[in-house]
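Where a number appears in this text, it was derived from the coordinates with a stated rule and is not lab data. All figures in this text were calculated on a predicted structure; none of them were measured in a lab. Don't worry about glycine lacking a Cβ; one is built from the backbone with ideal geometry, like all the others, and counts go over all protein chains shown.
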Amino acid sequence: MRCPCNSGESYEGCCAKYLNGLDTDLVAYPPTAEALMRSRYTAFALGDVRYLLHSWHPDTRPATLELDPDQQWYLLEILSTSQGGYFDDSGVVSFRASYRSATNRKRRDSLTETSSFVRDGKQWLYLDALEIS
Ligand SMILES: [Zn+2]
């Protein structure tokens, strides 16, 4: 299967190693803020709440998270990135995520968000949304 994050790679060659990494001793962390953002989008698309919480900064992480099963995420577009690279400790990623309704497939909508990320050692973490539209 193609990776839900629309990288063009297979799921196994892309976000699977991050999502599945939580179950192994060899935890793989996304190397950049954009890669983390993509893996979190994939977790939204696959309903992986555990990964979403794991990749959320402890200061802003909710105690629990409930996903709307009616939202089927089908497209991720990265609009811009700032920092968030191999040698940065923080970064910002703007993206548009599109979904359709599982019960009414004609109903589609999208979310545009500018998110901030921080790095803690090897692990990039989602901090918060700077802007949502
Ligand atoms: Zn991916």
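Legend: P(r) of region 60-133 from all alpha carbon pair distances, 5 Å bins from 0, whole percents, reading 3, 14, 19, 19, 20, 13, 7, 3, 1. How large is log10 of I(q)/I(0) for the chain at q = 0.13 Å⁻¹ when the intensity is taken from the Debye formula with one equal scatterer per alpha-carbon? So the normalised log intensities are -0.52. For the listed peptides 7-16, 111-120, 79-88, a ranking on the average number of other beta carbons within 10 Å per residue, highest first, reads 111-120, 7-16, 79-88.
Relative to the Cα centre, the charge distribution of region 55-133, modelled as +1 at Lys and Arg Cβ and -1 at Asp and Glu Cβ, gives a dipole magnitude of about 480 debye. Here the simple spin-label model places points 7 Å from the Cα toward Cβ, and for Ser10 and Asp70 these points are separated by 3.7 nm.
Suppose R0 equals 35 Å; then what is the FRET efficiency for Thr112 and Asp25 from their Cβ-Cβ distance, rounded to the nearest 0.05? Could you put the intermediate results ahead of the total?
Numbers: r = 38 Å, r/R0 = 1.08.
After rounding to 0.05, the efficiency reads 0.40.
Relative to the current alpha-carbon distance between Glu131 and Thr103, full extension at 0.36 nm per residue lengthens the span by 7.2 nm. A crude spin-label estimate for the pair Ser90 and Asp120, with each label 7 Å from Cα along the Cβ direction, gives 1.6 nm.
Return the calculated 222 nm mean residue ellipticity for the chain, to the nearest 500 deg cm²/dmol, obtained by summing -39500 (n - 2.57) across DSSP H runs with n ≥ 4 and dividing by the residue count. Before the final figure, lay out the partial values.
Working: 3 runs with 24 residues, N = 133.
That comes out to -5000 deg cm²/dmol.
The simple spin-label model puts a point 7 Å past each Cα toward its Cβ; for Gln83 and Ala63 those points are separated by 3.2 nm.
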